[in-house]
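Reviewing the structure listed below.
The values are calculated or read from the model by the stated rules, or taken from the named source; none is laboratory data. Not measured: the values here are computed from a predicted model. All Cβ positions, even for glycine, are placed from backbone atoms using ideal geometry, and neighbour counts span all protein chains on display.
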Amino acid sequence: MFKKNQTLGEFIIEHQSSFKYTSGELSRLINSIRLAAKVVNHEVNKAGLVDIIGAAGDTNIQGEDQQKLDVYANQKFIQTLTNRNIVCGIASEEEDDFISINSQDENNQNRYVVLIDPLDGSSNIDVNVSVGTIFSIYRRVTPVGSPVTVDDFLQKGNQQVASGYIVYGTSTMIVYTTGDGVNGFTLNPAIGTFYLSHPNMQFPENGRIYSVNEGNYVQFPQGIKNYIKYCQKEEGDRPYTSRYIGSLVSDFHRNIIKGGIYLYPKNAKNPNGKLRLLYECNPMAFLAEQANGKASDGFTRILDIQPKELHQRVPFVCGSKNMVDTLEQFMKLAL
Ligand code: AHG
Ligand code: MN
Ligand code: MN
């Protein structure tokens, strides 16, 4: 039962009993993410006004330039989740290693770990184009009350208990799932409240948009090349429209509403693809499946991949179910 215009706070309370672990802990955790999202949103919104845009002069573990807002968003999410003492561990795209929270304290009964991409699409900040935040939540697998280990983070995506994103766009939205469908909430910036604006979001089964960085075309595997040519062919409802923002969150958000497919295949520079399995692909794959869509590495379900390391990358294809099915057929044929 959805009440449009219900606030996110009301929604969390009303739906917490339908969550299979019936714990208020997850609700508190999502509430903290909501709070951090508002703080980061405020900063993203004034990016053009203050001297916060531009590179921070540092690189993250993957050798990429960190933007100042990457650093800021990373700090804010970690601070909010740490101060409120509601998780036992955090892993972030911007941190070399995972963070164990209150690991010495036997009274730390927290059961959840959070993985985040604090600022996704950060190269878009300087040009006033939408960016986002992606989060993923698991129950720890090691005993409660002991320090977390890497095993708590290297779980298959199919073990996620919640995931979602915040898109800092023309309006700011939180879209998330706890395994019971996908709902979207829009921020009213005047009063700082998120309202249910997009109940029960679903990918249309078919779409007419393909989103890929075609600048890498010559380096793509043959199956991807063939699929792109198929998208461009004049036949039936094709050619499809090409739309690529360069921020996974924004491209996904458009495609879930309008119907489409997002692709980040491997290329010469990124032999395993560019996107990170734990911080980007798994949370988006969980959302996609909860919204009647599909996510794959071209051959295998993303959520069934066993992660081997925190910053692992993987080829990523995600979107309307029939489009991803067709792409997989092209990949198989080109083997
Ligand atoms: P991030 O800003 O967190 O590093 O992620 C950027 C990702 C993704 O959001 C986007 O779709 C993709 O990288 C864009 O990559 P290209 O510029 O290579 O197309
Ligand atoms: Mn990202
Ligand atoms: Mn990022």
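Quick notes on this one:
- Single condition Pro283 does not satisfy, out of (1) buried (at least 17 other Cβ atoms within 10 Å of the Cβ); (2) touching a Lys or Arg at 6+ places or on another chain (Cβ under 7 Å): (2)
- Given (1) surrounded by 15 or more Cβ atoms within 10 Å (Cβ to Cβ); (2) under 18 Å from the mean Cα position of the chain (by Cα), index of the condition Ser197 fails: (2)
- Among the residues making up the stretch 200-218, none is crowded, with 17+ Cβ neighbours inside 10 Å, more than 21 Å from the chain's Cα centre (by Cα) and either free of Cβ contacts under 8 Å to residues at least 12 places away in the same chain or within 16 Å of ligand 2 (Cβ to nearest atom) (or both).
- Summed over the stretch 261-290, residues that are assigned to a helix (DSSP H, G or I) and more than 11 Å from ligand 1 (Cβ to nearest atom) total 10.
- Enumeration of residues in the stretch 249-285 that are among the basic types (Lys, Arg) and more than 19 Å from Thr300 (Cβ to Cβ): Arg254, Lys258, Lys269
- Tyr168 fulfils the conditions (1) closer than 21 Å to Lys321 by Cα; (2) crowded, with 21+ Cβ neighbours inside 10 Å except for a single criterion, (1).
- Search result, residues across the stretch 107-116 that are basic (Lys, Arg) and crowded, with 23+ Cβ neighbours inside 10 Å: none
- Residue in the stretch 137-145 that is surrounded by fewer than 23 Cβ atoms within 10 Å (Cβ to Cβ) and either of a type in the set (Phe, Trp, Tyr) or part of a strand (DSSP E or B) (or both) present: yes
- Number of positions in the stretch 244-293 that are within 15 Å of the chain's Cα centre (by Cα) and without any contact (Cβ under 8 Å) to a residue 40 or more places away in the chain: 2
- The lone exception for Ser123 - which of (1) touching a residue at least 24 places away in the same chain (Cβ under 8 Å); (2) of a type in the set (Gly, Ala, Ser); (3) assigned to a strand (DSSP E or B) it fails: (3)
For every residue, the table says whether it meets (1) within 16 Å of ligand 2 (Cβ to nearest atom); (2) touching a Phe, Trp or Tyr at 6+ places or on another chain (Cβ under 8 Å); (3) over 22 Å from Ala56 (Cα atoms).
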residue	(1), (2), (3)
Ala91	yes, yes, no
Asn102	no, no, yes
Arg140	no, yes, yes
Thr178	no, yes, yes
Asn188	no, yes, yes
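- Within the stretch 256-274, if we keep just the residues that are within 16 Å of ligand 2 (Cβ to nearest atom) and polar (S, T, N, Q), the residue that is surrounded by the fewest Cβ atoms within 10 Å (Cβ to Cβ) turns out to be Asn272.
One line per residue, one yes/no per condition, for (1) in contact with an Asp or Glu (Cβ under 9 Å, 6 or more places away or on another chain); (2) modelled with pLDDT of 95 or more; (3) of a type outside the set (Ser, Thr, Tyr):
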| position | (1), (2), (3) |
| --- | --- |
| Gln290 | yes, yes, yes |
| Ser296 | yes, yes, no |
| Ile305 | yes, yes, yes |
| His311 | yes, yes, yes |
| Val317 | yes, yes, yes |
| Leu327 | no, yes, yes |
| Leu335 | no, no, yes |
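- The residues of the stretch 172-196 that are in contact with a Lys or Arg (Cβ under 8 Å, 6 or more places away or on another chain) and outside any strand (DSSP E or B), listed by number, are Gly179, Gly192.
- Every residue from the stretch 272-312 that is more than 18 Å from Pro118 (Cα to Cα) and either among the β-branched types (Val, Ile, Thr) or within 16 Å of ligand 3 (Cβ to nearest atom) (or both): Gly273, Thr300, Ile302, Ile305
- Selection of the stretch 117-134 for residues being more than 10 Å from ligand 2 (Cβ to nearest atom) and buried (at least 24 other Cβ atoms within 10 Å of the Cβ) yields an empty set.
- Taking the stretch 146-171 as the range and being of a type in the set (A, V, I, L, M) and assigned to a strand (DSSP E or B) as the test, the residues that pass are Ala162, Ile166, Val167.
- A count restricted to the stretch 212-260 and to residues that are more than 20 Å from Thr170 (Cα to Cα) and either part of a loop (DSSP other than H, G, I, E, B) or not aromatic (Phe, Trp, Tyr) (or both) stands at 29.
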